[in-house]
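Chemist: My structure is below; once you've seen it, I'll send some questions.
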Amino acid sequence: MVHAVLLGDSIFDNATYVPDGLSVQEHLRVALDALDPDQHQVLLLAVDGDYITDVHDQIRALPVESTHLFLSVGGNDALRYAAQLQSRADSVAAALAALAEMKTEFNYRYGELLKQLSAFKKPLTVCTIYDQASTQDPGLRLLAFTALSLFNDCITRQAIQYGLPLIDLRLVCSDPGDYSAVSPIEPSHQGGQKIAQRIVTVISQHDKSIAHTVCYA
């Protein structure tokens, strides 16, 4: 019996952004049905707009019977730094120092979350923050290609440290059609289907008996 739990933000909680399609949660149920009918449950605890620190509250509703945890969070934390990234710096050194401070803060918050999740001793998979959606928006371009690379470095390093499988959404959602027409930074029906397929791949193929990182993209 598979009991998959989705934690994080609107990458998983994207129903609002696909009014004429399926959400990630719905795609996942369909895909698991095709794999093994009536032998799974999918629980959505992710909340649109939540930050890394908010996931600690989501974890309180984590059922004891859960078998696989999936975490996709950090995009909203990155957006908090958008104004700082667009501000002027007196020197390259000052700009790098500001970026280093942002990365340190992000890394600490993400690390504290993984520490709490790892204590449950359940198979956990983490996702990077995709950076393609923002490239069509000049106001977010600097955030996408500068800050997100720093934050994704934190996620990938900690995934390796904990021996967790990693779904790299930067490579999964690489087509313009993967993003919602309602909001260009949310998964569309097509993007949600791709994400759900990678989740199913982790569930069906990843060897959870040993701690090791495999990138699913």
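Chemist: So is residue 120 touching a Cys at 6+ places or on another chain (Cβ under 9 Å) and either within 23 Å of residue 161 (Cβ to Cβ) or open to solvent by 70 Å² or more (accessible area, probe 1.4 Å) (or both) or not?
Modeler: The answer is no for residue 120.
Chemist: Does residue 99 satisfy being modelled with pLDDT under 85, of a type in the set (A, V, I, L, M, F, W, C) and either open to solvent by less than 70 Å² (accessible area, probe 1.4 Å) or assigned to a loop (DSSP other than H, G, I, E, B) (or both)?
Modeler: Yes; evaluated as a whole, the condition is true for this residue.
Chemist: Quick check on region 102-111: of everything there that is open to solvent by 30 Å² or more (accessible area, probe 1.4 Å) and hydroxyl-bearing (Ser, Thr, Tyr), which residue is nearest to residue 145 (Cα to Cα)?
Modeler: Selected residue: 104.
The values are calculated or read from the model by the stated rules, or taken from the named source; none is laboratory data. If you're wondering where the values come from, they're calculated on a predicted model, not measured in any experiment. In this analysis, Cβ positions are derived from the backbone assuming ideal geometry, glycine residues included, and neighbour counts consider all displayed protein chains. Ligands, DNA and RNA are excluded from the accessible area calculation, which covers all protein heavy atoms including side chains. Shrake-Rupley method; radii C 1.70, N 1.55, O 1.52, S 1.80 Å.
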